[in-house]
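The values are calculated or read from the model by the stated rules, or taken from the named source; none is laboratory data. All of these numbers come straight from a predicted model, not from anything done at the bench. Note that we place each Cβ from the backbone using ideal geometry, even for glycine, and neighbour counts take in every protein chain shown.
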Ligand code: URA
């Protein structure tokens with residue numbers, strides 16, 4: 001098997017293995033791809049060209065090649081959360097997917113009154129395929145438990161549901177780009193519509209930007225607004241709270257505000 005065939009086979013199987021194989025070949029000095037058998041290009045030139053069938057123009061495609069339009073069509077055809085999970089897993093137009101091990105869809109009780117929207121999976125979420133399972137996720141669970149909400153609760157009243165704007169881990173945990181967010185927004189909107197929560201909590205700048213078009217979570221936090229017709233509470237991300245423990249005081253005030261809203 002030649003280099004190109006090997007890499008093509010690896011790409012079909014495992015993106016990481018393909019990248020490692022390519023890096024190894026470059027290190028070994030390979031600077032071009034060759035075939036297993038030589039090709040006589042003079043003979044190729046002498047071959048008579050095959051007649052070309054008359055080209056039938058394809059009908060106009062209403063979706064076209066705009067990734068967001070393709071995502072919108074895929075999201076709209078998902079009539080259940082399971083169908084949405086499959087539609088996202090089958091969506092190949094976001095570059096982040098190529099570097100991710102798993103598509104991280106959601107966790108928690110889909111009948112919950114509270115939907116928490118995070119940014120994107122980190123290394124542990126990517127490995128496990130579930131959102132907010134790392135250190136920040138453990139803090140988030142403790143924070144919401146303090147107002148009586150748990151992702152594991154079977155009771156809609158005391159449960160939360162949790163997902164992210166991006167279902168794939170960005171390399172090196174960088175912030176998702178605006179174009180990547182725009183591409184995935186139809187799936188986020190559909191996700192919210194299918195869960196139909198009473199309130200949305202956006203943790204961090206990425207979901208705040210995705211839902212409102214503006215950044216500045218430290219200014220926006222604690223101020224209720226609206227997104228997709230639902231009350232929206234922006235809060236600081238638990239990873240920020242791990243780095244800035246003094247900000248937990250404000251986060252606690254935001255949690256009490258959420259509790260109040262749910263009681264009211
Ligand atoms: N941070 C997020 O925003 N989402 C996760 O799933 C994990 C960490």
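Values as computed for the structure displayed
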item: Count of segment 102-146 residues which are surrounded by fewer than 17 Cβ atoms within 10 Å (Cβ to Cβ), farther than 19 Å from residue 194 by Cα and more than 12 Å from the ligand (Cβ to nearest atom); result: 3
item: Scope segment 223-237; condition more than 16 Å from residue 175 (Cβ to Cβ) and either surrounded by fewer than 19 Cβ atoms within 10 Å (Cβ to Cβ) or within 13 Å of the ligand (Cβ to nearest atom) (or both); matching residues; result: 223, 224, 225, 226, 228, 229, 230, 231, 235
item: Options 199, 203; residue that is surrounded by 16 or more Cβ atoms within 10 Å (Cβ to Cβ) and within 16 Å of the ligand (Cβ to nearest atom); result: 203
item: The lone exception for residue 152 - which of (1) modelled with pLDDT of 95 or more; (2) within 12 Å of the ligand (Cβ to nearest atom) it fails; result: (2)
item: One residue from 78, 90, 83 being more than 16 Å from the ligand (Cβ to nearest atom) and closer than 21 Å to residue 227 by Cβ; result: 78
item: Among the candidates 241, 194, 258, 208, residue that is within 30 Å of residue 79 (Cα to Cα) and within 16 Å of the ligand (Cβ to nearest atom); result: 208
item: Some residue of segment 139-147 being under 20 Å from residue 71 (Cα atoms) and modelled with pLDDT of 95 or more; result: no
